[in-house]
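Notes follow the structure.
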Amino acid sequence: MKSFLKYPGGKQKEIGIIRDNLPSKIYDYYEPFIGGGSVYLALDFEKKYYINDLSEDLINLYNCIKNQNELFFKELDKINYNIKLAKEISVKEAYDFYENYQNYDEFLTYFLTNAKIDDLDNLKNKLYISLNRKLKLIDRLDKRNIEKIDIFKNIKTGITSGLYVYYRELYNNLKYDSKKELKAALFYYIRDFCYSSMFRYNSFGEFNVPYGGISYDNKNLDSKIEFLKNENVVSKLKKSKITNEDFEIFFRKNKPKKEDFIFLDPPYDTEFSTYDNNPFGLEDHIRLRDFCKNTEANFMLIIKETDFILELYKNFNIKKFKKNYTVSFKDRNKKDVNHLLITNY
């Protein structure tokens, strides 16, 4: 099975090399940095699974899926309905809106009347701002060569982007007290529709990655929601103990034994090592190495090659392989770098 979640640093493309380097015998499976769960979902064992992450939002999502939480799916269905509703404009409607320029209310009447949104005034404001940006962008283009279809695409992105910003703000302001299902649904939507599936936060701790852009405009969550209800996904999650703790606490409470297998995919030791607002620094990497030195279980660690990591794990078995990044976000990721596969077996 593939991961149901877009998450930075996912190991879907490395499944082959991971399979080729697994120990010959595996009892229970442990993964303290579960992230999108690519490896966990791809590997199948008969015993128990123990998965964990420090991200409260991520583990909340996993639990909602595991328990097939009806309210979670109801909230996700509403979001998906609004995503599809936002696309219900024609080329003619978009072009007429561009020609009239200021007729926002008339243009948005159908969407705002039918949208399943609690705070319509706030949504309207986000749509106005987003559409205004797109109109200004169109005006800067060469009007002699611009076609109606290009105007349509930009106007549609103005609506879908405005909806995304509305949901992103709602996500940032939402507390867990009584709305964990809505929080999980918003987290899932944002992970799927934000640019390059990145994590980035402002100085107030607010998630601020922009909308993915025109290429995302024809997406919806139909197939994703269906997959979240897949009996194989649910069955695997129900066989798993899921926790939300620091990795040391996780291992203290769930101590791996000989011939158990631990897969480790921690944040990198570079400057960009904060996923979901949870920093993971050099001292944390040293803590992880110390655990690896003392565990009696078999472990596999995959991480980007740096001098620090090579020195830290010099007494273990290390293999190198190439990792190609298909997306670079403001040059934080190099396109082609070495990765390390580190084991104690």
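Rule-based calculations on the coordinates, nothing more; no lab input. No experiment lies behind these values; they were computed from the predicted model shown. All Cβ positions, glycine included, derive from the backbone under ideal geometry; neighbour counts span all protein chains shown.
Computed values, structure above
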read-out	value
Cβ crowding within 10 Å averaged over residues, with 304-315, 183-194 ranked highest first	183-194, 304-315
Antiparallel DSSP beta bridges within region 175-309, as percent of all bridges there, nearest 5	50 percent
In region 64-164, the GluC sites (Glu not before Pro) that fall in loop regions by DSSP, at most 15 other Cβ within 10 Å	GLU88, GLU147
Nearest-0.05 FRET efficiency for ARG140 and LEU22, computed from C-beta distance (R0 56 Å)	0.55
Label-point separation in nm, LYS74 to ASN173, each point 7 Å along Cα→Cβ	2.2 nm
Packing-based ranking, highest mean first, of 252-263, 31-42, 1-12 given that Cβ atoms within 10 Å are counted	31-42, 1-12, 252-263
Charge-dipole axis of region 70-226 as Lys and Arg at +1 and Asp and Glu at -1 on Cβ define it, positive-most pick from LEU71, ILE159, PHE111	ILE159
Of the chymotrypsin sites (Phe, Trp or Tyr not before Pro) in region 50-144, those whose Cβ has at most 14 other Cβ within 10 Å and which sit in DSSP loop	TYR101
